[in-house]
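Asker: This is the structure, below, for whatever I ask next.
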Amino acid sequence: MSVWDGLTGQTAVVEALTAAAGAAALIGGPDGALAAARAGMTHSWLFTGPSGASRADAARAFAAALSCERAAPAAGPPGCGECVGCHTVLTDTAADLRTVRAEGLSLGVQDVRALVRDAASAPTSGRYRILLVEEADRLTDSAANALLKALEEPADRSVFLLCAPSVDDVMPTIRSRCRVVALRLPSVDDLVGALLRDGVDERTAHVAARAAQGHLGRARLLAAAEQARARRAQVVALPGRRGRVGACLAAPADLVGAANADAEAANSERDEAEAEALRTALGVGTTSSGTTGRTKRATKSPPKGKTMMVRGAAGALKDLEKSQKSRGRRTVLDSLDRALLDLAGLYRDVLAHQLGATVDPINPDAAAEVARLAAAATPERTLRRLEAVLATRDTLAGNPGLVAQLAVESLALTLRDA
Ligand SMILES: [Zn+2]
């Protein structure tokens, strides 16, 4: 097993990264820095690729290879996946690795400042201090500027690994400082191979791989989770529920409701645990009655320090609530986006059927529904519907709440009338 095993269909990228990590291992030896630079080793990297291309996985595998303890020329290529260096990076417990993820819709300047401070200190055990930003496209302007300063004057032993959907998603000034690693979407065959290696049966592997449209994580989910399959079947059945306006609006309500349920399931336990931990840390009581009691007493006879503590605690809890809300909105949007992608895949199949194109269907399991929809409309109408679905995806990006609800409802009516 090596750290590269999880990177499905990325042979060229793995070769380039292995070469760079191998050269980086020479650092410290005679002319090591020169040799490393020649093999393309550099301080800042930008991993790009569409959702599903595992850019964060690629960045993490590279981080592991840079930390691999068996990375000597005699011991084979770096990234054994078994040594302490590889293992701690892969499990996100390495002392020299700091990972930043956007919990909400954006990545703020505070997170980046902490990262930049880390980058300035020498590595504790590994060769490099590695700073991994999983969603560099979500950096706020001030966060991006703080990062840019660090990239302009990199510390000797620091490596920044940024991930974004495309080079256009980060500031040009940041992009120009980075070596770009472009990942491609794995093919259906790549995905089938990965699922078969997971032990999924042949038929399920083929159905899931096609439906996942290049997204390995989603393919695994489709193959494994009966619930995900049922949800997709529900979405694929949506166009069949056309008719009166009322019926049309019930379907998107289901869709948005399901997305909200997804978010609730994913976040509620975690939200409560975080709030509880914060309340305990601030000493404001762990039950609601306890909190009220203490606050009341503090109001009655306010010793100065105590009042400030309670105010500070309230502010911290409010901040936490705000970031949790932001995370929840994002989960809803992600869930809706997946559903719309399924719907777009269905209309693509309908269009292919109508045009007699000999391409593999995305939804081989929905052949009957595809044939029925194909017979009921012209290719032009199908194309209009497909475009409406894709336009709704664009509208939804970054627009949670009521806008999402209205956009999905308006889509349902367009699909009926287009
Ligand atoms: Zn290793």
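Just so it is clear, none of the values below were taken in a lab; they were calculated from the coordinates. Note that the coordinates shown come from a computational prediction; the quantities given were computed from them, not determined experimentally. Neighbour counts are summed over all protein chains in view; Cβ atoms, including those assigned to glycine, are modelled from backbone coordinates with ideal geometry.
Asker: So for the range 11-182, considering every pair of alpha-carbon atoms, how many percent are separated by more than 21 Å?
Answerer: 43
Asker: Right, something else. Place a point 7 Å from Cα of R197 in the direction of its Cβ. Which residues in the range 5-24 have their backbone N less than 15 Å from it?
Answerer: Answer for the range 5-24: 5-15.
Asker: Label points 7 Å out from Cα along the Cβ direction at R384 and D156: separation in nm?
Answerer: A separation of 6.8 nm, rounded to one decimal place.
Asker: If I take R0 = 30 Å and measure r between the Cβ atoms of E103 and R38 in this structure, what FRET efficiency does the formula 1/(1 + (r/R0)^6) give, to the nearest 0.05?
Answerer: Between E103 and R38 the formula returns 0.15.
Asker: Which trypsin sites (Lys or Arg not before Pro) does the range 170-239 hold that lie in a coil by DSSP with at most 16 other beta carbons within 10 Å?
Answerer: Listed in order of number, the matching sites are R184.
Asker: Ranked from highest to lowest mean number of other Cβ atoms within 10 Å per residue, what is the order of the peptides 95-106, 123-134?
Answerer: Most protected by this proxy first, the peptides run 123-134, 95-106.
Asker: Round to a whole angstrom and tell me the spacing of the C-alpha centers of the range 176-191 and the range 305-383.
Answerer: Going from one Cα centre to the other spans 23 Å.
Asker: Here is a further query. Multiply the residue gap between A122 and R416 by 0.36 nm, knock off their C-alpha separation, and tell me the result in nm, one decimal place.
Answerer: Result for the pair: 99.7 nm of gain on full extension.
Asker: To the nearest 0.05, how large is the calculated FRET efficiency for D168 and K322 if R₀ is 25 Å and r is the Cβ-Cβ distance?
Answerer: That pair, D168 with K322, gives E of 0.30.
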